[in-house]
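Since the structure comes first, as structure tokens, the remarks are kept for the end.
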Amino acid sequence: MNGSRRKVPPPPPRRTLPNLPEKLEAPALPPRRPEQPPLPSVNSDLARLLARRPPPPPPRRSTIHVPPLDHSRNEFQQQPNHTLPPIPNFASKPVLSTQVITQGDPPCLECRDFSSVDTHAACYPRHSVVSLGSLSQELTEPFGNDVDKARAIFTWLHHNIAYDTESFFSGNIRPATPESTLSSGLAVCDGYAGLFKYLAECVGLQVHKVTGHGKGVGYTALNPNDPVPPRQMNHAWNCILMDDEWQLIDSCWGAGALDGATYTQRFTPAWFTSSPVEFGRRHFPDDSTYQLLSEDLGGPITWEEYILEPEGPQIFRDFYDLDLHPYFLQPSTKMIKGGQFATFTVNKRCEHMSTAEADNYVFLINTGPGKPSVPLTNSQGGWSVTVNIPRNTEVTLLSVTVISDQDAKGLGVFGYQNSVGRKGMSFGVLAKWTSE
């Protein structure tokens, strides 16, 4: 093996780490309007940071040592040469073709069509599961590649495991095993990561549970003059080898989110497809190897760089539903300067996704109550607009979702401008900034 290749080591010592899921969470004009800068291109140096390939993978399972589970935690024992579970009984299951489901080689993970995998994973409710071994086989048997097998497990967790809010808010969090998580249908992040790991290993996938810090509910960005807090590890996720490529996955945040003290079952597939750079903006592993960032990609980043990163704009669910990329959203900070021009840009998650007018909604920037919304125009594979920003106001990125009781996809900027004041419209809120 090439000496430059980096190995992902065995996972750090196990611990149960509670963490919440992802949070749902007019001055005079300047004398001259600045020239609008070009959109960040997915072919630019910035796109290099979103490369899908981390350092080459370590040896396959046959040559790598995976330590046994800690028996003091009363978790399932990892058998070095465990046999496959009995053939599952499909009498009560949906009838699927015996032919292995195969898909064409997609341009990238972001563009891959997981609809058949997600539909299949939804067919196995927790109360009907006989054993974890049979569940892993039933979930993955129709698929001939690691990616679809891992996706089936990821999606199943969304449908069947809920965040254990009662235990978290009471402070009574007990160590979880894969079996106890299946039995209760409840888990905090450690339970999600542990069950994902167990099910994946049952079907021969190489996976680690990673512990570290997550910027979830309860996280507040530091002010510029705040001291750097000590490192604290409050979250858990997974690092999995899929078809010879390492990928970071957060099945807890992918399953749902908290709105206050209420858990909402809400599928967020971005936590299955995120690049290491995007994933690392909200996850800091205790072992920096699990950043999956080589030196030429700026890695590894330090705790100080991670925790001191300025707070970004508030991003809402509709933003992700439209396959937009938070990493390309500009301005990149929540606070923006008022009394001057600012350029807003937005891009799709992947360069292969269509930006054609017929396939997308119209995006708008609104600079406050009573202000007319300004449409973003499409150029260089994304959308952009430069507007003057008043001081002390909220600036909102919107999408035109409905016009005259019809879906507004494909409306286009010209159609929007001709409809303002003439036709009823509905809007989706995508992101929000605050001017100062």
Inset, instruction - Considering every residue within the stretch 248-261, establish whether at least one is at pLDDT below 95 and in a loop (DSSP other than H, G, I, E, B). - result: yes
Inset, instruction - Please verify whether the stretch 123-144 includes one or more residues that are under 30 Å from Cys350 (Cβ atoms), of a type in the set (Asp, Glu) and out of contact with any helix residue (DSSP H, G or I) (no Cβ under 7 Å at 6 or more places or on another chain). - result: yes
Inset, instruction - Count, please, the residues in the stretch 110-151 that happen to be among the β-branched types (Val, Ile, Thr) and in contact with a Phe, Trp or Tyr (Cβ under 7 Å, 6 or more places away or on another chain). - result: 1
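Do any helices (runs of 4 or more DSSP H) entirely within the stretch 112-177 hold 1 or more residues that are crowded, with 17+ Cβ neighbours inside 10 Å and of a type in the set (Phe, Trp, Tyr), and if so, which?
146-160, 165-170
When the stretch 405-422 is examined, which residues are found to be basic (Lys, Arg) and either closer than 19 Å to Ala356 by Cα or in contact with a Lys or Arg (Cβ under 9 Å, 6 or more places away or on another chain) (or both)?
Within the stretch 405-422, Lys409 is the sole residue that qualifies.
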Inset, instruction - Taking the residues in the stretch 178-190 that are surrounded by fewer than 23 Cβ atoms within 10 Å (Cβ to Cβ) and closer than 19 Å to Thr262 by Cβ as candidates, determine which candidate is farthest from the chain's Cα centre (by Cα). - result: Ser184
Legend entry - Check on Asn392, over 30 Å from the mean Cα position of the chain (by Cα), modelled with pLDDT of 95 or more and assigned to a strand (DSSP E or B): no
Inset, instruction - Filter the stretch 344-363 down to residues that are surrounded by fewer than 21 Cβ atoms within 10 Å (Cβ to Cβ) and either over 24 Å from Ser275 (Cα atoms) or not assigned by TED's automatic domain parsing to the domain that holds Arg391 (or both), then give me how many there are. - result: 4
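With the structure loaded, tell me whether Ile307 is over 18 Å from the mean Cα position of the chain (by Cα), over 28 Å from Ser426 (Cβ atoms) and not aromatic (Phe, Trp, Tyr) or whether it fails that test.
In short, yes.
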Inset, instruction - Test each condition in (1) in contact with a Phe, Trp or Tyr (Cβ under 7 Å, 6 or more places away or on another chain); (2) surrounded by fewer than 23 Cβ atoms within 10 Å (Cβ to Cβ) for Arg266 and report the one that comes out false. - result: (1)
Legend entry - Condition met for Thr268 (at pLDDT below 95 and either assigned to a strand (DSSP E or B) or touching a strand residue (DSSP E or B) at 6+ places or on another chain (Cβ under 6 Å) (or both)): no
Legend entry - Filter result for Phe319 (assigned to a helix (DSSP H, G or I), outside the structural domain of Asn223 (by TED's automatic domain parsing) and either out of contact with any Ser or Thr (no Cβ under 8 Å at 6 or more places or on another chain) or among the aliphatic types (A, V, I, L, M) (or both)): yes
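The values are calculated or read from the model by the stated rules, or taken from the named source; none is laboratory data. Here the structure is a predicted model, which means the values were calculated and not measured. Positions of Cβ are generated from backbone atoms using ideal geometry, with glycine treated the same way; all protein chains shown enter the neighbour counts.
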